[in-house]
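Since the structure comes first, as structure tokens, the remarks are kept for the end.
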Amino acid sequence: MPRILDGAAIAAAIKQEVAEEVRTLAAHGIRPGLAAVLVGNVAASEIYVRSKVQACAELGIYSDLITPPDTVTTEDMLDLIAALNARDDIDGILVQLPLPPQVDAKSLLDAIAPSKDVDGFHPISAGRLLAGRPALAPCTPAGVIEILKRSNLPIASQHAVVVGRSDIVGKPVAMLLLNNNATVTICHSKTRNLAELTRQADILVAAIGRPGFITPEMVKPGSTLIDVGINRLNTREEFDRFFAGNEKREAAFAKRGSVIVGDIHPKAFELSGAYTPVPGGVGLLTIAMLMANTVSAAKLRRGL
Ligand SMILES: NC(=O)c1ccc[n+]([C@@H]2O[C@H](COP(=O)([O-])OP(=O)(O)OC[C@H]3O[C@@H](n4cnc5c(N)ncnc54)[C@H](OP(=O)(O)O)[C@@H]3O)[C@@H](O)[C@H]2O)c1
């Protein structure tokens, strides 16, 4: 039986450690602070940001939720970022994506002070990660590494194959695996003979954004499967492709009219040695790592 890597338990352990660090900092008169910028009324973004603000409250981190209207201009947003960069009570700045089309997201992310870049998207943060220097790493990739380490799964000398090369997941996760001494192969939509490569993986990370894309024939038996994908299935036909006969998922589908599936086909998990489920795996680490990054930023900024 494959081992299920429980994202909830790992995220809870990280949050507990962060709360302890926050208490220690409080004894020195320091309270880490996160500014969360939520533009407009995108329902999914509202849910994500609410969870982030709530996590801050749980762990004793100060948070400031700033909600510009969806008519905001790039200039207004740049002024806001400059003000947040200058505030001493703010250690981390989070701009929830996506932004409305008139706002130049790249120039905003570049304007965030690297010392407050708790999402780890700034080119300087990416460069530090590449150079093997202390860096605020992007939260989801950092969560992948925490899952592997805290589950005592080896990384060094393992062949890690990452499918996906986005700036927010694929590239940073590959770099973190390399920094932890894995042998890393990065695959993408132009990769030839993808299955041949994924079948060599001791650790296979899927960050593609396509439901159940990694099928059982693409997986080495006994390997570790890390599924970053979050894909919503809304129709009966889609549901049946993955979960026909699965009573638990059937109940969820009946209740909500949709279910979530990762980038790895559930049948492939059966062949693995260990895997992260979707939901309940990598996704739960993202907020925990954002909290950890906020505390790290607070300490680094003060030379602690
Ligand atoms: N908190 C979380 O858990 C979290 C956070 C972020 C993202 N996600 C999820 O992770 C998934 C990936 O997100 P992302 O932002 O990295 O997506 P993305 O920016 O769309 O990147 C997808 C990557 O997959 C590659 N790809 C697409 N089709 C492929 C194919 N047929 N064969 C091989 N590679 C293929 C693309 O290759 P090219 O570069 O060649 O186009 C690209 O590099 C999504 O499901 C997203 O929802 C989860």
Inset, instruction - Restrict the search to the range 1-94; then list the trypsin sites (Lys or Arg not before Pro) that DSSP places in a loop and that have at most 15 other Cβ atoms within 10 Å of their Cβ. - result: R87
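Sum -39500 (n - 2.57) across every DSSP H segment of at least 4 residues in the chain, then divide by the residue count to get the 222 nm mean residue ellipticity, nearest 500. The partial results should precede the final answer.
On the way: 12 runs with 132 residues, N = 304.
After summing the helix terms and dividing by the residues of the chain, the value is -13000 deg cm²/dmol.
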Inset, instruction - Please give, to one decimal in nm, the separation of the simple spin-label points placed at N152 and M1, each 7 Å out from Cα toward the Cβ. - result: 1.8
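Test of the criteria: in the range 228-288, which GluC sites (Glu not before Pro) are in a DSSP loop and have at most 14 other Cβ atoms within 10 angstrom of their Cβ?
Details: sites: E237, E238, E247, E250, E270; in loops: E270.
Hits after loop and neighbour filter: E270.
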Inset, instruction - For the range 33-138, just list the percent of Cα-Cα distances falling in each 5 Å bin from zero outward, please. - result: 2, 13, 23, 24, 22, 12, 4, 1
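Report the local net charge at N246: Lys and Arg +1, Asp and Glu -1, summed over other residues whose C-beta lies under 12 Å from its C-beta.
Working: positive: R241, K248, R249, K267; negative: D240, E247, E250.
So the environment of N246 carries a net charge of +1.
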Inset, instruction - Sticking with the crude label model, points 7 Å out along Cα→Cβ, report the distance from A82 to R31 in nm, one decimal please. - result: 2.9
Legend entry - Three-way shape call for the range 183-304 based on the alpha-carbon gyration tensor, with the a/c threshold at 1.5: oblate
Inset, instruction - List every residue whose amide H lies under 5 Å from the amide H of V39, counting only residues 5 or more places away in sequence or on a different chain, with H placed 1.01 Å from N in the peptide plane. - result: Q96
Inset, instruction - May I ask you to list the residues of the range 181-207 whose amide nitrogen lies under 18 Å from a point 7 Å from Cα along the Cα→beta-carbon direction of E17? - result: 181
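At 1.4 Å probe size, with the rest of the protein present, what percent of the exposed accessible area of the chain is carbon and sulfur atoms?
54
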Legend entry - Under Karplus coefficients 6.51, -1.76 and 1.60, residue-wise ³J(HN,Hα) of the range 36-46 in Hz, glycine/proline x: 10, 9, 10, 9, x, 10, 7, 4, 4, 5, 4
Legend entry - Directionally averaged shadow of the range 78-221, computed from the convex hull of its alpha-carbon atoms, nm²: 10.4
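On a full-extension model of 0.36 nm per residue, what is the gain between R256 and D240, subtracting their alpha-carbon distance, rounded to one decimal in nm?
Numbers: separation 16, 0.36 × 16 = 5.76 nm, distance 1.55 nm.
4.2 nm is the gain from fully extending R256 to D240.
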Inset, instruction - Return the percentage of antiparallel bridges among DSSP beta bridges fully within the chain, rounded to the nearest 5 %. - result: 10
Legend entry - Choice from L99, L225, L290 with maximal GNM fluctuation in the chain (Cα, 10 Å cutoff): L99
Inset, instruction - Name the long-range amide H neighbours of D64: under 5 Å, sequence gap of 5 or more, or other chain; modelled H, no Pro or chain starts. - result: L34, A35, A36
Legend entry - Integer Hz, Karplus 6.51/-1.76/1.60 couplings in order for the range 159-172, x for Gly and Pro: 8, 9, 10, 10, 9, x, 9, 5, 5, 9, 10, x, 4, x
Inset, instruction - Could you tell me which of rounded, prolate or oblate describes the range 96-153, using a ≥ b ≥ c as the square roots of the eigenvalues of the alpha-carbon gyration tensor, with rounded for a/c under 1.5 and, failing that, prolate when a/b is larger than b/c and oblate otherwise? - result: oblate
Inset, instruction - Please calculate how many Å² of accessible area the chain carries per residue, with a 1.4 Å probe and no DNA, RNA or ligand atoms counted. - result: 48
Inset, instruction - Please list the non-local residues whose amide H lies under 5 Å from the amide H of I203, H modeled 1.01 Å from N, same-chain partners needing a gap of 5 or more. - result: H159, A160, V161, T224
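If R0 is 30 Å, what FRET efficiency do you get for T215 and A8 from their C-beta distance, rounded to 0.05? Intermediate values should be presented prior to the final figure.
On the way: r = 27 Å, r/R0 = 0.89.
The formula returns an efficiency of 0.65 here.
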Inset, instruction - With θ set to phi - 60°, apply the Karplus curve 6.51 cos²θ - 1.76 cosθ + 1.60 along the range 135-150 and write out the HN-Hα couplings as whole Hz, x wherever there is a Gly or Pro. - result: 8, 7, 7, x, 5, 5, x, 4, x, 4, 5, 4, 4, 5, 5, 6
Legend entry - Along each principal axis, Cα extent of the chain, largest first, Å: 53, 42, 38
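Would you rank T294, T71 by solvent-accessible area, highest first, keeping every protein chain in place and using a 1.4 Å probe?
On the way: T294 0, T71 105 Å².
Ranked from most to least accessible, the order is T71, T294.
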Legend entry - Protein-only accessible surface order, largest first, of K255, K149, K220 at 1.4 Å: K255, K149, K220
Legend entry - Of K149/K255; K149/K171; K52/K190; K116/K190; K52/K116; K52/K171, those spanning more than 26 Å from alpha-carbon to alpha-carbon: K149/K255; K52/K190; K116/K190
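If N is the number of residues in the range 138-195, what value comes out of its Cα radius of gyration divided by 2.2 N^0.38 Å?
Compared with the compact-globule rule of thumb, the range 138-195 sits at 1.10.
The values are calculated or read from the model by the stated rules, or taken from the named source; none is laboratory data. Remember, predicted model here, so these are calculated numbers, not experimental data. Quick reminder, even Gly has a Cβ in these numbers, built from the backbone with ideal geometry, and neighbours come from all protein chains shown. Heads up: the accessible areas ignore ligands, DNA and RNA and are worked out on the full protein's heavy atoms, side chains in. Shrake-Rupley method; radii C 1.70, N 1.55, O 1.52, S 1.80 Å.
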